[in-house]
Amino acid sequence: MSEAHWRHKDLLDVEALSFSEITRLLDTAARFMEINARPVKKVPTLRGRSIVLFFAEPSTRTKTSFDVAGKRLSADTFSLGVSGSSITKGESLKDTALTLQAMAPDIIVIRHSSSGAAHFLAERLDCSVVNAGDGRHAHPTQALLDAFTLRELWGPDMAGKTLLIAGDIAHSRVARSNVLLWAKLGVSVRIFGPRTLLPPGVAAWPAEVYDNLDEAVSGVDAIMGLRLQLERQQAGLLPDLAEYARRFCIGRRHLNRAAAGAVVLHPGPINRGMEIASEIADSAQSRILDQVAAGVAVRMALLFTLAMRNEVQ
Ligand code: CP
């Protein structure tokens with residue numbers, strides 16, 4: 001693969017990426033999708049490279065897909081979580097990161113409950129840092145894989161399409177990264193959430209904010225449901241869960257108001273029957289498992305691009 005120099009040491013959010021850099025990552029991911037369809041899903045591209053997966057918060061999709069992505073490119077991947085590490089003995093984030101760097105990895109992928117944790121590491125480490133989700137701030141590879149999923153469906157020129165992001169916007173790093181990314185790609189974004197689950201400053205986002213779900217879904221080309229982040233709720237934000245599900249769960253009646261051929265996304269994990277009806281999550285219009293498959297290819301593209309950025313290609 002012959003590419004121009006990649007100027008970023010890290011991926012902390014999509015904010016730093018230009019339209020052409022996003023396109024380059026998605027094009028590279030499209031080439032890696034082919035590897036994932038082979039009987040032998042491994043190429044020697046990153047042989048000898050080391051990738052640390054430092055996940056200080058739970059994850060199924062992101063952690064596994066970074067691990068699979070690294071291994072399919074023949075990199076060595078190493079996992080560190082909180083449980084079983086010296087973080088439980090009080091070791092700081094800085095000391096943990098410097099310790100990991102002393103083992104000379106090429107890339108550290110970090111998930112952390114604190115917004116800004118990935119920036120903190122990137123400023124202090126020489127190796128590449130990838131943000132795999134930090135607090136409420138950003139989840140850039142999720143936004144990239146969402147873009148990949150819809151680009152496969154809509155084609156490369158997505159301008160004129162409309163995406164609705166609905167649910168617990170206040171606690172969602174996925175919503176923040178998606179809004180930034182789609183604005184760069186020329187897609188109109190609508191935001192819907194119950195008033196108490198909209199973050200301060202949402203009016204300044206490059207998106208149209210709705211306070212009525214039926215109006216928000218009208219005519220959209222895709223609906224992205226968001227997980228109700230029960231572990232991050234403060235008292236008083238939600239009336240009660242049954243009421244939330246009754247009023248805000250995305251169901252067939254919502255999809256019927258969307259554009260013909262509209263699809264449904266969800267970053268997972270899903271609270272079935274809470275933010276999205278099971279019938280919709282399992283329907284032909286659901287692209288949820290396509291998102292997971294795209295996640296492997298997009299993370300392969302990112303690991304490849306970062307690891308090779310200083311190589312003459
Ligand atoms: N979408 C996402 O980040 O899922 P995980 O928490 O399972 O990684």
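The values are calculated or read from the model by the stated rules, or taken from the named source; none is laboratory data. Since the structure is predicted, the reported quantities are computational estimates derived from the model, not experimental observations. Note: ideal-geometry Cβ built from the backbone for every residue, glycine included; neighbour counts use all protein chains shown.
Across segment 75-114, the number of residues qualifying as closer than 16 Å to V130 by Cα and free of Cβ contacts under 8 Å to residues at least 24 places away in the same chain comes to 1. Scanning segment 43-52 for residues that are within 30 Å of S83 (Cβ to Cβ) and without any contact (Cβ under 8 Å) to a residue 60 or more places away in the chain turns up G48, S50, V52. Taking (1) more than 20 Å from L306 (Cα to Cα); (2) touching a strand residue (DSSP E or B) at 6+ places or on another chain (Cβ under 7 Å) in turn, I107 satisfies each apart from (1).
Among the numbered conditions (1) in a loop (DSSP other than H, G, I, E, B); (2) within 16 Å of the ligand (Cβ to nearest atom); (3) surrounded by 17 or more Cβ atoms within 10 Å (Cβ to Cβ), the only one that S115 does not meet is (3). Of the residues making up segment 282-308, those that are within 14 Å of the ligand (Cβ to nearest atom) and either over 14 Å from F148 (Cα atoms) or not aliphatic (A, V, I, L, M) (or both) are R287, D290, Q291, G295, R299. Taken over segment 34-63, the criterion of being assigned to a loop (DSSP other than H, G, I, E, B) and within 16 Å of the ligand (Cβ to nearest atom) is satisfied by A56, E57, P58, S59, T60. For segment 282-313, taking the residues that are under 18 Å from the mean Cα position of the chain (by Cα) and free of Cβ contacts under 8 Å to residues at least 40 places away in the same chain, the one that is surrounded by the fewest Cβ atoms within 10 Å (Cβ to Cβ) is identified as L289.
Could you look through segment 1-49, keep only residues that are β-branched (V, I, T) and farther than 17 Å from G70 by Cβ, and pick out the one that is farthest from the chain's Cα centre (by Cα)? The extreme case among them is T23.
Criterion applied to R7, R72 was being surrounded by fewer than 17 Cβ atoms within 10 Å (Cβ to Cβ) and either out of contact with any Leu (no Cβ under 6 Å at 6 or more places or on another chain) or not assigned by TED's automatic domain parsing to the domain that holds V179 (or both), and the one residue passing it is R7.
Within segment 64-85, the set of residues being modelled with pLDDT of 95 or more and either in a helix (DSSP H, G or I) or at positive phi (or both) comprises T64, S65, F66, D67, V68, A69, G70, K71, R72, S74.
Could you list, in sequence order, the residues of segment 248-273 that are within 26 Å of T62 (Cα to Cα) and away from the ligand (no atom under 16 Å from the Cβ)? C249, I250, A262, V263, G273 - these are the residues of segment 248-273 that are within 26 Å of T62 (Cα to Cα) and away from the ligand (no atom under 16 Å from the Cβ). Exactly one residue among A159, A170 is of a type in the set (G, A, S), in contact with a helix residue (DSSP H, G or I) (Cβ under 6 Å, 6 or more places away or on another chain), in a loop (DSSP other than H, G, I, E, B) and not assigned by TED's automatic domain parsing to the domain that holds S114, and that residue is A170.
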